[in-house]
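Step one of this worksheet: look at the structure below.
The values are calculated or read from the model by the stated rules, or taken from the named source; none is laboratory data. None of these values were measured; they are calculated from a predicted model. All Cβ positions, even for glycine, are placed from backbone atoms using ideal geometry, and neighbour counts span all protein chains on display.
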Amino acid sequence: MADITFKCPECNNDLTVDEKGRGMRVPCPQCGKEIEIPIEDKTSSDLSDVGEIAARVTAKISSAAGVERLEGFSFRGMFSEVFKKHTEDEVERYFAVGGPDTTPSISEVDTTWPKPWVFFRTFVIAFLVYFSLISAWYTHNNIFLVPGIILVGSFALPFATLLFFMEANVRRNVSLYQINKLVFRGGAIGLTFSLFFFAVMGAVKLPFIPALAAIAEEPGKLLALYLIINNKKYPYILNGLLFGAAVGAGFAAFESAGYALFFGLTDEVGGAMESVIMTRGILSPFAHIAWTSMCGGALWRVKGKQPFSFSMIRDPRFLKVFIVAIVLHALWNLPIHRLPFYASYFILGAVAWIIILGLIQEGLKELRVEKAAAINKLTTEA
């Protein structure tokens, strides 16, 4: 009888078994997960669930950005913990990481696809707080509620999305303190550099076109990322994705708060401030957070354990992703979005997230290699 080869849906490991075992359940030798041997002789990823055309499009996007094509990825598997019951103690343990005594050794790291869930709980809480404030505002029309509406509305979804990236950082070597520092310092510095680049563009008489904002803002956020984090302690691709998301979240929240304040002060009809907060909040996971995260992941893919040098930004492994981020940002700002329900924004966001997931996959493989080397060393020494 012939052998069949298929991939473990959890860790993407290749398994080869006798075809007589079709339909039987066996443990994966890599991750230990019990999986069913496919009845049909084919190797596929969960991308087949959305059809062959979607898989081809995904492959082309990944190729254009120079990242790996997704294999063995499952949306259902990744978010399988979201609606399960979790205790407060689990949440506490989830965030008690990243310190000298709370960072696990590489041999203890779970390198299968992460299953984040804390981000969703955080979003639900922030959502309820925001709508409580909005309801109170419409009921009592009290001006003292406005700062809370702007603050919670601008930070809620960006922060929840950022927690997704913290959970995706399965190395667990970055503390919540470091992330919060990046959000506020990175966001503020990114805005400052972006304003400087806008001033330079004005000085050379470039006409202001919304699409050109990408040329100022993406380099501004990237420069902020470099200035704050250039540390050998954080050498992994997953670290870069998290750091980029933190800077992007801070930038997005500060920018949204600025727009909300502007429309709140100038709107004579009413409702503009709330509309801006809602729209920018819903779209935030697909814009600045995604663009800066993919750039951070790509840069850390080049940087690794080396100190940063500006020659790294010329490396195609970074440059392709950075150019894609600028193009996505520019298209986002063009007045071409005529599809209903912000569909064109979600399509652009999907492109960014395909690249992000590809970088997460590469980051997991990077950790698997280091983990295997560490275990092999321990075995040899024993």
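If you scan the stretch 45-67, which residues turn out to be hydrophobic (A, V, I, L, M, F, W, C), at pLDDT below 90 and farther than 14 Å from Lys7 by Cβ? Outline the logic, then answer.
Filtering the stretch 45-67 down to residues hydrophobic (A, V, I, L, M, F, W, C) leaves 47, 50, 53-55, 57, 59, 61, 64-65, 67.
Now narrow it down to the ones that are at pLDDT below 90: 47, 50, 53-55, 57, 59.
Matches in the stretch 45-67: Val50, Ile53, Ala54, Ala55, Val57, Ala59.
From the list Leu319, Leu283, Leu328, Leu334, the one residue that fits, being touching a Gly at 6+ places or on another chain (Cβ under 9 Å), under 23 Å from Ala211 (Cβ atoms) and surrounded by fewer than 17 Cβ atoms within 10 Å (Cβ to Cβ), is Leu319. From the list Cys11, Cys31, the lone residue that is in contact with an Asp or Glu (Cβ under 6 Å, 6 or more places away or on another chain), modelled with pLDDT of 75 or more and assigned to a loop (DSSP other than H, G, I, E, B) is Cys31. Scanning the stretch 286-311 for residues that are over 19 Å from Gly190 (Cβ atoms) and surrounded by fewer than 22 Cβ atoms within 10 Å (Cβ to Cβ) yields Val302, Gly304, Lys305, Gln306, Pro307, Ser309, Ser311. Looking only at the stretch 188-211, decide whether some residue is out of contact with any Cys (no Cβ under 7 Å at 6 or more places or on another chain), surrounded by 18 or more Cβ atoms within 10 Å (Cβ to Cβ), in contact (Cβ under 8 Å) with a residue 24 or more places away in the chain and closer than 18 Å to Ile277 by Cα. No, because not a single residue in the stretch 188-211 is out of contact with any Cys (no Cβ under 7 Å at 6 or more places or on another chain), surrounded by 18 or more Cβ atoms within 10 Å (Cβ to Cβ), in contact (Cβ under 8 Å) with a residue 24 or more places away in the chain and closer than 18 Å to Ile277 by Cα. Cβ-Cβ contacts under 8 Å between residues 6 or more apart (or on different chains), taken from a first residue in the stretch 139-159 that is modelled with pLDDT under 90 to a second residue that is among the β-branched types (Val, Ile, Thr), are absent. Candidates Ala330, Ala373, Ala350: the one that is within 15 Å of Ser284 (Cα to Cα) and assigned by TED's automatic domain parsing to the domain that holds Leu238 is Ala350. Inside the stretch 286-318, residues that are assigned to a helix (DSSP H, G or I) and farther than 19 Å from Gly363 by Cβ make up a count of 6. Just to verify a result, which residue in the stretch 61-85, among those that are in contact (Cβ under 8 Å) with a residue 24 or more places away in the chain and of a type in the set (Lys, Arg), is nearest to Leu328 (Cα to Cα)? It comes out as Arg69.
Taking interchain pairs and intrachain pairs at least six residues apart, which have beta carbon atoms under 9 angstrom, with the first residue in the stretch 272-291 and in the same structural domain as Thr161 (by TED's automatic domain parsing) and the second modelled with pLDDT of 90 or more and among the charged types (D, E, K, R)? Listed pairs, sorted by first residue: Arg280/Glu255; Ala287/Arg280; His288/Glu217; His288/Lys221; His288/Glu255; Trp291/Glu217; Trp291/Glu218; Trp291/Lys221. Condition check: modelled with pLDDT under 80, within 30 Å of Val327 (Cα to Cα), buried (at least 17 other Cβ atoms within 10 Å of the Cβ) and under 28 Å from the mean Cα position of the chain (by Cα). Does Leu70 satisfy that? It is false that Leu70 is modelled with pLDDT under 80, within 30 Å of Val327 (Cα to Cα), buried (at least 17 other Cβ atoms within 10 Å of the Cβ) and under 28 Å from the mean Cα position of the chain (by Cα).
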